[in-house]
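The values are calculated or read from the model by the stated rules, or taken from the named source; none is laboratory data. This one's a predicted model, so the numbers in the text were calculated from it and none came from an experiment. Note that we place each Cβ from the backbone using ideal geometry, even for glycine, and neighbour counts take in every protein chain shown. For the accessible areas, the whole protein counts, side chains as well, though only heavy atoms, and no ligand, DNA or RNA atoms are used. Shrake-Rupley method; radii C 1.70, N 1.55, O 1.52, S 1.80 Å.
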Amino acid sequence: MQNKSIAQLAADLRLRTYSSVELTQHYLERIARLDPTLNAFITVAADAALDAAHRADATLKRGDAGPLTGIPIAHKDIFCTQGLRTSCGSRMLDNFIAPYDATIVERLAAAGAVVLGKTNMDEFAMGSSNETSWYGPVKNPWDTTRVPGGSSGGSAAAVAARLCAAATASDTGGSIRQPAALCGITGIKPTYGRCSRWGMIAFASSLDQAGVMARSAADAAFILDEMAGFDERDATSAALPVPDYVDALDDDLHGLRIGLPKEYFGAGLDARIGDVVMAAIKEYEALGAELVEISLPNSALSVPVYYVVAPAECSSNLARFDGVRYGHRCANPVDLEDLYKRSRAEGFGPEVQRRIMIGTYVLSAGYYDAYYLKAQQIRQLIAADFTRAFEQVDVIMGPTSPTLAFPLGSKLDDPVAMYLNDIYTIATNLAGLPGMSIPVEPVAGLPVGLQIIGNYFQEARLLNVAHRYQHVTHWHQAAPEGCE
Amino acid sequence: MQWETVIGLEIHTQLATQSKIFSAAPTAFGAEPNTQACAIDLGLPGVLPMLNAEAVRLAVRFGQAINADIAPRSVFARKNYFYPDLPKGYQISQYELPIVGTGRVEIVLDDGTIKTIGVTRAHLEEDAGKSLHEDFHGFTGIDLNRAGTPLLEIVSEPDLRSPAEAVAYAKKIHQIVRYIGISDGNMQEGSFRMDANVSVRPVGQKTFGTRAEIKNVNSFRFLEKAIAFEVERQIELIESGGTVIQETRLYDAVKDETRSMRTKEEANDYRYFPDPDLLPLEIDDAFLSAATADLPELPDAKRTRFQSEYGLSEYDANLLTASRELADYYEAVARACNEPKLAANWVSGELMAALNKSEGEISASPVSAHALAGLIARIQDGTVSGKLAKQVFEGMWSSGDTADAVIEAQGLKQITDSSAIEAMIDAIIAANPAQVEQYRAGKDKVFGFFVGQVMKQSGSKANPAQVNELLQRKLSA
């Protein structure tokens, strides 16, 4: 069951080959068996999931099922879920239960999806290894001594280990694509504004975007179909029609122009990754695509720009966690300043504190122009690089991550090395473009991701491009040992 | 040394919207604490602001009313600081690009000259909640009902030169916001709060002195006293060899003094940056014209018109245009009775006195404009004497009845029947032969005695003109 596509699961549920309750129980059993090792879930909502599955079965019986009715999924613990704890991977919100659903949670529930639980993540989505979580690191199902990537490491590991049919995730600088690459699954970060941010706990508001992690582009298309679209509660969500992503999956790729940025294949890239990524791109040539070498000259600036803009926004976004109204409050504060200082020092881990301090610094009087303003200017240049590139090509391809999944603990003491893991993914967030990662041939038994970047609101094209590759290859079907 | 005072005002006026600037929670004043704050106002995780178009509309109306440029594109920014009644840890405001740009208003100085005061800018922002320090022994209570209430912060140029000018300017802004219906201006409820930037400099000096900012003054009287105190303080300080430091001060109305709240060094670094949750606010011509299409006649224009159309003095015109409600009331009376000057006297005299005494609003006046016009008509047609008309007005005020009903009920109708007046005069002449003698001997003053007797006998109801005429005829006979 756990290896079936969402389309197949939906068909089986309609034929009552098995019920949603049976399917849900199956996943819950897998979680009980495998998750103690993987730590992909922060909260498993078994009772609520079974209740939802019962309701789904009733709906299926009545014959008015939605596209996802009865399909068990998981939500990254960054999305608020009414009545179910939303921790954001932080001690700060260990006791927080939202009185509302995030828009995407609400929409997937309306489509009939069953929520198994909330997945682990780097604290407040700040990290590339899922090691900053208050709830402990997630293990990579392909090698449990290695990281799954981050910040959506829990969603990636859960999907890779077949603990859910698909999972939601968020991507601020690569948090969907990098863990998708490191865990051998398919992940899509849509265009900024495509999915509502309402109810998604903010890290860096101008970069954050909700997306999907699944075992295939087709599965991702099913989920994204239900998530995407304008929401009046998010002023930055795009008031544009949403195409049917499933419909476009099989479109022909003849004449597709693929841009290969030379900056994405240079120093810093593990040569073995470069080889398998190029092999995958050659596969596209066989499918009728045309390869075009392009340049994104400001690529090298994306990491430094990101580490000004994202911390600046986070320093402000996380100011609300002050111990006054909800969340962690220190014991016996002696006065207001003590309440603030100790609640925040205890509630936030070191990486979050580091970014709050960087962000506070770059926004402070006398430094704003030199850092924040300058970074925003360079951000425009980075976006302009892509605009020029998309005059020549339809999609851009390259590696998702410069390295394979690395051993747990190996980069924790070197934040810059950790930050560089997102060197290929960050620029798309700065530009607001959609990006995907799909698995290609593994290296040394570890997954490798091919990144596909599209022009604004070209998610249908991205999913189509990814799907056609998955149609002629089988890398996306491989399961980690013990998770088959 | 001669000193010159330099004052600039920042006025926070609460915009009269039904719901908050970034949420759908209601803005009504006086509800139980924390019953009018939704997830957005509470700053819960994951929530996002939704801009209330009505707040934008009201801000645009203000801009138009002070002849300011309305920015086609303005930007919301975050003002970051920690305070328990500031749920998000930042206030959404506007910083570099405000919605309303440079404008101007005119104030009338004591000597009657008109002075133009520049308005630097006006920007939209959200209010914070309230910290309640009483009633919570050792704790502070937080009421977030006010959090997210829309404010328009109106910043003046440092054009004001005395406490009186500052008050005249503040009253002018208060008058405008109420005229155009963007704020109730209720000062007790905090809908209109003033901060004053005050400095002094030797007369003739071009550069400004160091300023102190007096925060949160909520009455015109306190504004005047606070500035006056502060000016004295600064002059005394400088003259005794000290220096004014840039700081924020609070006015204590009980002690009538300002005292330091925090110095520049203690001030927050607000780390303003554009709010990434809100797109730049774009205002197109269609929105602009829809927002300002029904702008009412503004106070200055109304005052000029009252002078030319109704022949009122500048003083009366000023008085009667103080609020839109009063002006509308006056116009209704004037038009109904077609006696604009008499109407002005009655409205600014008896009516205002009665309103002041009862501390009531003109909208709730027991004597309607139509009823007052009815009374004036009765004075004009001689039904009631000018003197008794005041008594009629009092009757109308307490009963809510029309002038006719009060005149009838109290028997105040003027006696115009000549034979009735003649009969009274005959009796009085007969009863006072000595006075008749004196009058006929040329002592004209005694005439007044006879008038008084007739009025007394008639209960002031006899028509005075008729009394005069008849008395003269009879006494000369």
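Whole-Å semi-axes of segment B:298-358's equivalent ellipsoid, largest first, each the root of 5 times a Cα gyration tensor eigenvalue?
17, 13, 10
Within chain B, which is the longest segment containing none of the trypsin sites (Lys or Arg not before Pro) that sit in a DSSP loop and have at most 11 other Cβ atoms within 10 Å? Let's see the in-between values first.
Numbers: sites that count: B:LYS206, B:LYS255, B:LYS445.
By the stated rule (loop sites, at most 11 other Cβ atoms within 10 Å), B:1-205.
Can you give me the Rg/Rh ratio for segment A:15-103, using Cα atoms for both radii and the Kirkwood formula for Rh?
Details: Rg = 14.5 Å, Rh = 14.3 Å.
With Rg and the Kirkwood Rh in hand, the quotient comes to 1.01.
Using the heavy atoms of the protein chains and a 1.4 angstrom probe, tell me the accessible area per residue for segment A:343-484 in square angstrom. Let's see the in-between values first.
Numbers: 5310 Å² over 142 residues.
For segment A:343-484, the solvent-accessible area averages 37 Å² per residue.
Please give the contour-minus-distance gain from A:ALA11 to A:VAL334: 0.36 nm per residue of separation, less the Cα-Cα distance, rounded to one decimal in nm.
Answer, rounded to one decimal: 110.2 nm.
Just in segment B:62-171: which chymotrypsin sites (Phe, Trp or Tyr not before Pro) are loop by DSSP and have at most 11 other Cβ atoms within 10 Å?
Filter output for segment B:62-171: B:PHE136, B:PHE139.
Residue by residue through B:267-279, how many Cβ atoms from other chains fall within 10 Å of the Cβ on average?
6
I'd like the interface area for chains B and A: accessible area of each alone minus the complex, both sides summed, 1.4 Å probe, protein heavy atoms only. What is it in Å² to the nearest 100?
Buried area (both sides, nearest 100 Å²): 2700 Å².
What whole-number value in cubic angstrom gives the convex hull volume per residue for the C-alpha atoms of segment A:120-193?
Numbers: hull volume 5.6 nm³, N = 74.
Roughly 75 Å³ of hull volume per residue.
Gain in length, A:ASP413 to A:LYS374, computed as 0.36 nm per residue apart minus the alpha-carbon separation, to one decimal in nm?
Separation in residues times 0.36 nm, less the Cα-Cα distance, equals 11.2 nm.
For segment A:177-235, what number results from the quotient of the Cα radius of gyration and 2.2 N^0.38 Å?
Output field value: 1.16.
Determine, from the Cβ-Cβ distance of B:ASN432 and B:SER368 and an R0 of 45 Å, the FRET efficiency 1/(1 + (r/R0)^6), rounded to the nearest 0.05.
Working: r = 45 Å, r/R0 = 1.01.
Once rounded, the FRET efficiency stands at 0.50.
Just to confirm my numbers, what's the Cα centroid distance between segment A:129-166 and segment B:411-438 in Å?
113 Å
Let me know the shape class of segment A:349-403, please: from the alpha-carbon gyration tensor, a ≥ b ≥ c as square roots of the eigenvalues, rounded when a/c is under 1.5, otherwise prolate if a/b is greater than b/c, or oblate.
oblate
Per residue and in Å³, how big is the convex hull formed by the alpha-carbon atoms of segment B:385-477?
Values: hull volume 8.3 nm³, N = 93.
Considering the Cα atoms of segment B:385-477, their hull volume per residue is 89 Å³.
Under Stokes-Einstein, with the Kirkwood radius over Cα pairs standing in for Rh, what whole-number D in µm²/s applies to segment B:1-154 at 37 °C and 0.692 mPa s?
In µm²/s, the coefficient rounds to 191.
Points 7 angstrom from Cα along the Cβ direction at B:ALA286 and B:ASP444: gap in nanometres?
Between B:ALA286 and B:ASP444, the simple spin-label model gives 7.8 nm.
Below 29 Å, Cα to Cα, which lysines can B:LYS264 reach? Residues fewer than 8 away in the same chain don't count.
A:LYS341, A:LYS374, B:LYS79, B:LYS88, B:LYS130, B:LYS206, B:LYS215, B:LYS225, B:LYS255
Quick one: the Cα spread of the protein assembly as shown along its three principal axes, in angstroms, biggest first?
140, 78, 59
Return the loop-located trypsin sites (Lys or Arg not before Pro) in segment A:1-84 (DSSP other than H, G, I, E, B) with at most 15 other Cβ atoms within 10 Å of their own Cβ; answer none if there are none. Before the final figure, lay out the partial values.
Values: sites: A:LYS4, A:ARG14, A:ARG16, A:ARG30, A:ARG33, A:ARG55, A:LYS61, A:ARG62, A:LYS76; in loops: A:LYS4, A:ARG16.
Counting only loop positions with at most 15 other Cβ atoms within 10 Å, the trypsin sites (Lys or Arg not before Pro) in segment A:1-84 are A:ARG16.
Subtracting the Cα-Cα distance from 0.36 nm times the residue separation, let me have the gained length for A:ARG62 to A:ARG272 in nm, one decimal.
Length gained, A:ARG62 through A:ARG272: 70.3 nm.
I need the shape label for segment A:70-147. Rule: rounded when a/c is under 1.5, else prolate if a/b > b/c, else oblate, with a, b, c from the alpha carbon gyration tensor. Walk me through the numbers on the way to the answer.
Details: a/c = 2.68, a/b = 1.43, b/c = 1.88.
Taking the square roots of the gyration eigenvalues as a ≥ b ≥ c, segment A:70-147 is oblate.
Note the direction-averaged projected area, equal to a quarter of the hull surface, for the Cα convex hull of chain A, in nm².
It is 21.4 nm².
Give me Rg/Rg_expected for segment A:188-275, where Rg uses Cα atoms only and Rg_expected = 2.2 N^0.38 Å with N residues.
Compactness ratio reported: 1.36.
Segment B:201-286: which chymotrypsin sites (Phe, Trp or Tyr not before Pro) are DSSP loop and have at most 15 other beta-carbon atoms within 10 angstrom?
Numbers: sites: B:PHE208, B:PHE220, B:PHE222, B:PHE229, B:TYR251, B:TYR270, B:TYR272; in loops: B:PHE208, B:TYR270, B:TYR272.
Those that pass, being in a loop and sparsely packed, are B:PHE208.
How far apart, in nanometres, would the label points at B:ALA465 and B:GLN188 be if each is projected 7 angstrom from Cα along the Cα-to-Cβ direction?
4.7 nm
Just the Cα atoms of segment A:250-376: what Rg and Dmax do they give in Å?
In order Rg, Dmax, the Cα atoms of segment A:250-376 give 23.0, 70 Å.
Taking only the Cα atoms of segment B:140-266, how large is their convex hull per residue, in Å³?
Looking at segment B:140-266, the number lands at 144 Å³ per residue.
With the solvent-accessible surface defined on protein heavy atoms using a 1.4 Å probe, which residues belonging to segment B:15-56 display a reduction of at least 50 Å² in accessible area in the multichain context relative to the isolated chain?
Residues losing area: B:LEU44, B:PRO45, B:GLY46, B:LEU48, B:MET50.
Could you name the lysines in cross-link range of A:LYS76, using Cα to Cα under 18 Å and dropping any fewer than eight places away on the same chain?
A:LYS118, A:LYS139, A:LYS189
Along each of the three principal axes of the Cα atoms of segment B:368-422, give the extent in whole Å, ordering the values from largest to smallest.
Rounded to whole Å, the extents work out to 38, 19, 15 Å.
How compact is segment B:191-311 by the rule of thumb for globular proteins, expressed as Cα Rg over 2.2 N^0.38 Å?
Ratio of Rg to 2.2 N^0.38 Å for segment B:191-311: 1.56.
Assuming a ≥ b ≥ c are the square roots of the Cα gyration tensor eigenvalues, decide whether segment B:320-410 counts as rounded (a/c under 1.5), prolate (otherwise, with a/b larger than b/c) or oblate.
oblate
Roughly to the nearest percent, how much of the accessible area of the protein assembly as shown is carbon and sulfur, given a 1.4 Å probe?
52 percent
Take the Cα gyration tensor of segment B:1-83, multiply each eigenvalue by 5, square-root it, and list the three semi-axes largest first, rounded to whole angstrom.
Semi-axes from the Cα gyration tensor: 30, 19, 15 Å.
Using Cα pairs under 8 angstrom and six or more residues apart, how large is the relative contact order of segment A:1-483, in percent?
18 percent
Kirkwood Rh over alpha-carbon pairs of chain B, then Stokes-Einstein at 20 °C and 1.002 mPa s: what D in µm² s⁻¹, rounded to an integer?
On the way: Rh = 26.7 Å.
After rounding, the answer is 80 µm²/s.
When we measure straight from the Cα of B:LYS302, which lysines land under 19 angstrom away, once same-chain ones fewer than 8 places off are left out?
B:LYS115, B:LYS171, B:LYS172, B:LYS341
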